[in-house]
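Only one structure is covered here, and it is reproduced in the block below.
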Number of protein chains: 2
Amino acid sequence: MEPTLPVQTPTVTFETSPDQYKHWKLTVDGAIATLAMDVKEDGGLRPNDYKLKLNSYDLAVDIELADALQRIRFEHPEVHAVLVTSLKPRIFCAGANIFMLGSSSHGFKVNFCKFTNETRLGMEDLSANSGVKMLAALNGICAGGGYELALACDEIYLVDDGSASVALPETPLLGVLPGTGGLTRVVDKRKVRRDLADAFSTLTEGVRGKRAVEWRLVDKVVAPSQFKDAITKRAQELASQSHRPDSGPGITLGPLNPVIDGDRIQYQYVLGTIDRARRVCDLTISAPETAQPTTTDEFVQAGDQAWALRAFRELDDAILRLRLNEPEIGTVLLRAVGNKQSVLDVDRALDTNRDHWLVREIINHIRRTLKRLDLTARSLFAIIEPGNAFAGTLFELAIAADRAYMLDHPDEDNTIQLSVMNAGSYPMSTGLSRLEVRFLGEPESVKKALDHDGPFDAHDAQAFGLVSFAPDDIDWEDEVRMAIEERTAFSPDALTGMEANLRFAGPETMETKIFGRLTAWQNWIFQRPNAVGERGALTVYGREGRPHFDWKRT
Amino acid sequence: MEPTLPVQTPTVTFETSPDQYKHWKLTVDGAIATLAMDVKEDGGLRPNDYKLKLNSYDLAVDIELADALQRIRFEHPEVHAVLVTSLKPRIFCAGANIFMLGSSSHGFKVNFCKFTNETRLGMEDLSANSGVKMLAALNGICAGGGYELALACDEIYLVDDGSASVALPETPLLGVLPGTGGLTRVVDKRKVRRDLADAFSTLTEGVRGKRAVEWRLVDKVVAPSQFKDAITKRAQELASQSHRPDSGPGITLGPLNPVIDGDRIQYQYVLGTIDRARRVCDLTISAPETAQPTTTDEFVQAGDQAWALRAFRELDDAILRLRLNEPEIGTVLLRAVGNKQSVLDVDRALDTNRDHWLVREIINHIRRTLKRLDLTARSLFAIIEPGNAFAGTLFELAIAADRAYMLDHPDEDNTIQLSVMNAGSYPMSTGLSRLEVRFLGEPESVKKALDHDGPFDAHDAQAFGLVSFAPDDIDWEDEVRMAIEERTAFSPDALTGMEANLRFAGPETMETKIFGRLTAWQNWIFQRPNAVGERGALTVYGREGRPHFDWKRT
């Protein structure tokens, strides 16, 4: 029941590297990296369906941006500031490609926006948690998603050439929202006065020059002749304010090379298997089996082969593939297997060395991957059986899940364990740790659980509130099977809405507002005939004829 | 493009009184009021289309509940606790009527939920701001909206008869969310652990007895033989903890008796006129012209005729009629006219006497009405011309608006003015005052504006950031006309989403989460074929055949 026949998007893969980039150029000059957009018109995911004109982007472009940010984090610890700009004269970025959006299915649109939002939030994370400051250098047209990209930077400089402006023309032109954080960041991050934000968000031509500064839309406008000097100078100033530890060299992020065989994807530490008939994915992460780094030197030496980094890069990749390529697989069974102690040893090493740039980046990466899991619109059940490795960092998977089932076996050893890493190293987008969110109603239980010495068996785990259900060996199989069967029979949409509400108990932040308030409204609009119907604004854009609106307000 | 042919709902009016109630019985016994639900099956808004069985409700039922709460606030200052229960044996409330929902248009569903949400939040407001504690006494079946009604109370007692349970069966049975605050209040108010909330929200049969207490879903379960005594005792305890000033008698809320003539509705202080061709409503509120109460005795004597109460009761009624009965009127021009000084005098009287129960209730009512305006999905432009009365309390209308246009006239006097009432007496649902939200980016401007002595002319108003635009007399007419024409040409859905984001800059609260996160997701689901399509779960409920789902998750 899509309003227009959506085009099938080919299987999406998320791995790339700078030498393969089609759309971005990443250069590093001392403490300053430059990320320059130069989108190749026929380099999109579906080059026959749309051309990426005027530095407009699709998912292919954003996958490169996300990769470039990873390279800056891990391969370039010397970078303390990033200039985000464009190589096309008088064009910064025209935003998400409208013909791509207009011809994509609802699910693709939603997941495209989710990924781009995660990438933008990753830029803010890079600034806040890695100390790499971001400066948007707008050399020309900057509209819609282009301005939203700029909004994700710490500061925005705009060339003052009499024509360059910033704009959010989505509402007046396309009948949709600036949904990549635009509305939220305008009022909540840049704190533009809400009536001016209202006027701005309906001005197709945008705002330029002095007024753009007065309205707080950009930080500075600079004459074209002085633009290059101004942005270079400002990038240097920002770099000098960075709190990033100054200690290269970086490590290299190699390819993950998963082996894909039908409905099975096998990485080194992560295994995903799909049961298509049941619409269930088993996602298993294995504890390390070999010695892991314990000192900063060993971490640098291990590079991308350290379990803590590799396993979570693999998990991240698996989640993204699942989201985009397997929309019908509605339930994910999370399993952690292997030697619990080896995970706890890794946690100790992460905690001990957390001030080192690389260890900090590894922790940051695990945190972002866990957030990606929180935001994945699939039901997540953790399955905790003998041989499990749900300890410390891996235990976060169990409390990221909607439910955790733990087998209470009379004979076999089945325990879980916490570590110092559960005490706030991986806050959710709400700003609270998963344990804090879990125990909103009894905050003393967080401390109680963390103070507990050693493993929890199923009985203790349930008594401490760490798992949802702990059936014994007689009930286990039936109870878990029935819970899964029941779950997979419910309306996928109701589950998405339910999980998006229950998972984010507690405070809201700009980040949760973007995924909750803004995205939920955008998804609603993405279903509305006024946007996506045969004569909806998004559908008819660029074609003959004007959109046709049902004028009823809701 | 509604998925099923929606039934036309007759024009809705919102005024009623206890002697006209069909569905509720309000009795007052000293400090305890009892609000007992006894829904008349054929007393709904469209009695030919659905029967309100098992104490299920529609908008007609909720309008009476909202009225009863108003009576408790104004007519019964002696009430310090309310028992919310049912007169039907073994049935508390089965929730919103499903056949009503299934046969309503999208817009009606959304506005029905908005009103019921406002009523539930009004119950919490009654507890927090009037000191009237609410106790839900669940004497039997309590499902969906029934449990959501209970969740809006301070405490929940459930009869322990072996069958009575609380349940949120929306997701498993209907493919929608418990959207009247249910999901939010379970985790954010009652702080049910999120994995247990997940299990609970998928259990059609709900949870009863001891487990309901353990999961924090109810506060107490009581054997049937002791139920009446237990709830009476608890209501008395709650009443004794109330901070409501103990000083009757109440005042009587008489009917508003607006005169309706075609597209014009005339109350005593509020005038609404609709320009159907332009899809614009002019909503004008007049300042008082007669002497207003200045002492508490005078307030009691004036009763419902005091301007501060009457004018905002009228405004509230006008907003509700507009929402439900005029969906195509997308833009509201807010005007305040008359003697500014008389509004400032009222503000002084409100401020001076704010500790008196009645004045407190008047201020509470104005606050709730302004919140209702914030939540109204229509574009709001304040129009400030000579003769305007945008001062103090009425100035809140100008900053509740998406934009305010103020005529900068060279000859005629056109000024606005603040009062102490703008300094936090009417917080938004975010918890901040409208001035604080306006100046998120420059908090010092709040104090600057409030410290300013006397009126602001158009130039000052703009310099202080209090209005959006101040065209002079040459540009005024064209600029305002063009702004309105432009606004009314945009996609109504995009505007709804845009305004819902920009108006609520700043922090989120449980209240804003209900209207932002929860409602936005519910509205999305209310558009999805899995819920409302021909074979959607909401559509087929109670008919032959099972729902058909598109399994794709988004």
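The values are calculated or read from the model by the stated rules, or taken from the named source; none is laboratory data. Values in this document were obtained by computation on a predicted structure and should not be read as measured data. Ideal geometry is used to build each Cβ from the backbone, glycine not excepted, and the neighbour counts take in all protein chains shown. Just the protein is used for accessible areas: all its heavy atoms, side chains included, with ligands, DNA and RNA removed. Shrake-Rupley method; radii C 1.70, N 1.55, O 1.52, S 1.80 Å.
Considering only residues of segment B:171-180 that are facing chain A (nearest Cβ under 7 Å), over 20 Å from the mean Cα position of the chain (by Cα) and on the phi < 0 side of the Ramachandran plot, which is surrounded by the most Cβ atoms within 10 Å (Cβ to Cβ)?
Only one residue fits best here, namely B:Val176.
Tell me whether segment B:37-59 contains one or more residues that are touching an Asp or Glu at 6+ places or on another chain (Cβ under 9 Å), in a helix (DSSP H, G or I) and charged (D, E, K, R).
yes
Every residue in segment B:364-376 that is open to solvent by less than 10 Å² (accessible area, probe 1.4 Å) and aliphatic (A, V, I, L, M), please.
B:Ile366, B:Leu370, B:Leu373
Out of (1) facing another protein chain (nearest Cβ under 7 Å); (2) at pLDDT 95 or above; (3) closer than 30 Å to A:Asn325 by Cβ; (4) in a loop (DSSP other than H, G, I, E, B), the odd one out for B:Gly497 is which?
Among (1) facing another protein chain (nearest Cβ under 7 Å); (2) at pLDDT 95 or above; (3) closer than 30 Å to A:Asn325 by Cβ; (4) in a loop (DSSP other than H, G, I, E, B), B:Gly497 violates only (4).
Aliphatic (A, V, I, L, M) and either touching a Lys or Arg at 6+ places or on another chain (Cβ under 8 Å) or over 30 Å from B:Pro492 (Cβ atoms) (or both): does that describe B:Val337?
Criteria not met by B:Val337.
Could you go through segment A:392-409 and let me know if any residue there is free of Cβ contacts under 8 Å to residues at least 24 places away in the same chain and either assigned to a loop (DSSP other than H, G, I, E, B) or open to solvent by less than 10 Å² (accessible area, probe 1.4 Å) (or both).
Checked against the condition, which is being free of Cβ contacts under 8 Å to residues at least 24 places away in the same chain and either assigned to a loop (DSSP other than H, G, I, E, B) or open to solvent by less than 10 Å² (accessible area, probe 1.4 Å) (or both), segment A:392-409 yields no hits at all.
Would you confirm, using the coordinates I've provided, whether A:Ala423 is open to solvent by 40 Å² or more (accessible area, probe 1.4 Å), farther than 30 Å from B:Thr554 by Cβ and away from chain B (no Cβ under 13 Å)?
The answer is yes for A:Ala423.
Can you tell me which residue within segment A:374-391, out of those that are in a strand (DSSP E or B) and not aliphatic (A, V, I, L, M), is farthest from the chain's Cα centre (by Cα)?
A:Asn388
Name the single residue, out of those in segment B:181-198 being open to solvent by 10 Å² or more (accessible area, probe 1.4 Å) and basic (Lys, Arg), that is farthest from the other protein chains (Cβ to nearest Cβ).
Per the criteria, the residue is B:Lys189.
A quick yes/no check of all residues on (1) in the same structural domain as B:Ser342 (by TED's automatic domain parsing); (2) in contact with a helix residue (DSSP H, G or I) (Cβ under 8 Å, 6 or more places away or on another chain); (3) in contact (Cβ under 8 Å) with a residue 24 or more places away in the chain; (4) not in a strand (DSSP E or B):
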{"residue": "B:Leu450", "(1), (2), (3), (4)": "yes, yes, yes, yes"}
{"residue": "B:His459", "(1), (2), (3), (4)": "yes, no, yes, yes"}
{"residue": "B:Gln462", "(1), (2), (3), (4)": "yes, no, yes, yes"}
{"residue": "B:Ala483", "(1), (2), (3), (4)": "yes, no, yes, yes"}
{"residue": "B:Asp493", "(1), (2), (3), (4)": "yes, yes, no, yes"}
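Please work out which residue is modelled with the lowest pLDDT, limiting yourself to segment A:535-554 and to residues that are within 9 Å of chain B (Cβ to nearest Cβ) and part of a loop (DSSP other than H, G, I, E, B).
A:Thr554
In segment A:500-515, what count of residues is obtained for those that are at the interface with another protein chain (Cβ under 7 Å from one of its Cβ atoms) and either part of a helix (DSSP H, G or I) or of a type in the set (Ser, Thr, Tyr) (or both)?
4
Any residue in segment A:329-347 that's within 14 Å of chain B (Cβ to nearest Cβ) and part of a loop (DSSP other than H, G, I, E, B): show its pairings with residues that are acidic (Asp, Glu) and open to solvent by 40 Å² or more (accessible area, probe 1.4 Å) at Cβ separation under 9 Å, as long as the two are six or more apart or on different chains.
A:Ile329/A:Asp275
Return a yes/no flag: does segment B:433-443 have any residue that is of a type in the set (Val, Ile, Thr) and within 22 Å of B:Lys340 (Cα to Cα).
no
Taking the options A:Glu205, A:Glu148, name whichever one is outside any helix (DSSP H, G or I), more than 9 Å from chain B (Cβ to nearest Cβ) and among the charged types (D, E, K, R).
A:Glu205
Quick check on my filter: what residues within segment B:322-340 are surrounded by fewer than 21 Cβ atoms within 10 Å (Cβ to Cβ) and within 20 Å of B:Glu289 (Cβ to Cβ)?
Residues satisfying the conditions are B:Val337, B:Gly338, B:Asn339.
Inspect all residues belonging to segment A:37-44 and state whether any of them is basic (Lys, Arg), buried (at least 24 other Cβ atoms within 10 Å of the Cβ) and touching a His at 6+ places or on another chain (Cβ under 8 Å).
Scanning segment A:37-44, I find no residue that is basic (Lys, Arg), buried (at least 24 other Cβ atoms within 10 Å of the Cβ) and touching a His at 6+ places or on another chain (Cβ under 8 Å), so the answer is no.
If you check B:Ala483 against the conditions, is it on the phi < 0 side of the Ramachandran plot, more than 7 Å from chain A (Cβ to nearest Cβ) and either of a type in the set (A, V, I, L, M) or open to solvent by 10 Å² or more (accessible area, probe 1.4 Å) (or both)?
Considered against the rule, which asks whether it is on the phi < 0 side of the Ramachandran plot, more than 7 Å from chain A (Cβ to nearest Cβ) and either of a type in the set (A, V, I, L, M) or open to solvent by 10 Å² or more (accessible area, probe 1.4 Å) (or both), B:Ala483 comes out as yes.
Scan A:Leu101, A:Leu52 and give me the residue that is within 20 Å of the chain's Cα centre (by Cα) and either surrounded by 21 or more Cβ atoms within 10 Å (Cβ to Cβ) or not assigned by TED's automatic domain parsing to the domain that holds A:Ile141 (or both).
Criteria check complete, one pass: A:Leu101.
Being of a type in the set (Phe, Trp, Tyr) and over 29 Å from B:Thr376 (Cβ atoms) is the filter here, so list the residues in segment B:519-554 that pass it.
Correct list: B:Tyr541, B:Phe549, B:Trp551.
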